[in-house]
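Trainee: The structure follows.
The values are calculated or read from the model by the stated rules, or taken from the named source; none is laboratory data. Because the structure is a prediction, the values reported are computed rather than measured. Please note: Cβ atoms are built from the backbone with ideal geometry, for glycine as well, and neighbour counts cover all protein chains shown.
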Amino acid sequence: MPVISFVSSKGGVGKTTGAVILAGELAEAGRSVVMVDADPNQPLLIWEKVRALPSAISIVADESADTIIDTIDAARIQADFVIVDLEGTATDRVGFAVTRTDLVLIPVQASVLDATEAAKAVKLVRQMSRVTGRDIPYRLYFSKIAPAIRERTARDIEVQFTQASVPTLPTSLVDRAAFRSLFSLGGTLHMLDNSDVGGLEAARQNAFAFARAVVDTFSKRAAA
């Protein structure tokens, strides 16, 4: 089953948020998901303890570079999708996980610093592609974008990615209170209601579009 890894050498860019949003949308669509928590801070395990998750989502912890490949391989046979949330530093464990990945998602915020860190993640994926002798697809996506505007910096970075032939997802994840509340309230977007947080419907629409963009990436590659 497809393995999707969230990779960035910089912390705080929204890797775990993206992973949680994607898992929630896949579960809502009736697909089973195993999430691999490969971050030393264990954010997914903490999220799981706040509120019981849908039965379609299960979380397993990984301990080290020595175990990550076995953890991913075991998860692959248990569910329709495997989502790997990796640590926000460049380590052997991240590289090993990428070798077992079918799609790498690289979040980037609208800053030059984030763009530089994203370039490092792209370089890592390309290196692992050469090591394994197979094409490891990846997509960058903008994370925590202001809902009302597209800042000039974000537009400039997007142009640079296009000129450098760096593939991006057509959908960004907007900075919304509903996304942030997932870690304080627990569960998925579809387990919240309007009394919990404002702007819930807009957040759900954004999440659905993001998940659709990810799934379409697989569909387009299969058709190619």
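Trainee: What's the number of the only condition in (1) without any contact (Cβ under 8 Å) to a residue 40 or more places away in the chain; (2) under 18 Å from Pro137 (Cβ atoms); (3) of a type outside the set (Gly, Ala, Ser) that Val82 fails to meet?
Mentor: Answer for Val82: the failing condition is (1).
Trainee: Of all residues in region 183-212, which are assigned to a helix (DSSP H, G or I) and over 15 Å from the mean Cα position of the chain (by Cα)?
Mentor: Residues satisfying the conditions are Phe183, Ser184, Leu185, Leu189, His190, Met191, Leu200, Glu201, Ala202, Ala203, Arg204, Gln205.
Trainee: Any idea how many residues of region 28-56 are buried (at least 22 other Cβ atoms within 10 Å of the Cβ) and β-branched (Val, Ile, Thr)?
Mentor: Counting residues in region 28-56 that are buried (at least 22 other Cβ atoms within 10 Å of the Cβ) and β-branched (Val, Ile, Thr) gives 3.
Residue by residue, here is whether (1) among the acidic types (Asp, Glu); (2) modelled with pLDDT of 95 or more; (3) in contact with an Asp or Glu (Cβ under 8 Å, 6 or more places away or on another chain) holds:
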| position | (1), (2), (3) |
| --- | --- |
| Leu44 | no, yes, yes |
| Asp66 | yes, yes, no |
| Ala75 | no, yes, no |
| Pro107 | no, no, no |
| Glu117 | yes, no, no |
| Ala121 | no, no, no |
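Trainee: Which residue pairs have Cβ atoms closer than 7 Å, lie 6 or more positions apart in sequence or on different chains, and pair a first residue in region 110-122 that is more than 12 Å from Gly11 (Cα to Cα) with a second residue that is among the hydrophobic types (A, V, I, L, M, F, W, C) and in a loop (DSSP other than H, G, I, E, B)?
Mentor: Lys120/Ala90; Ala121/Val7; Val122/Val166
Trainee: May I pose another question? Which count do you get for residues in region 102-116 that are buried (at least 21 other Cβ atoms within 10 Å of the Cβ) and outside any strand (DSSP E or B)?
Mentor: 3
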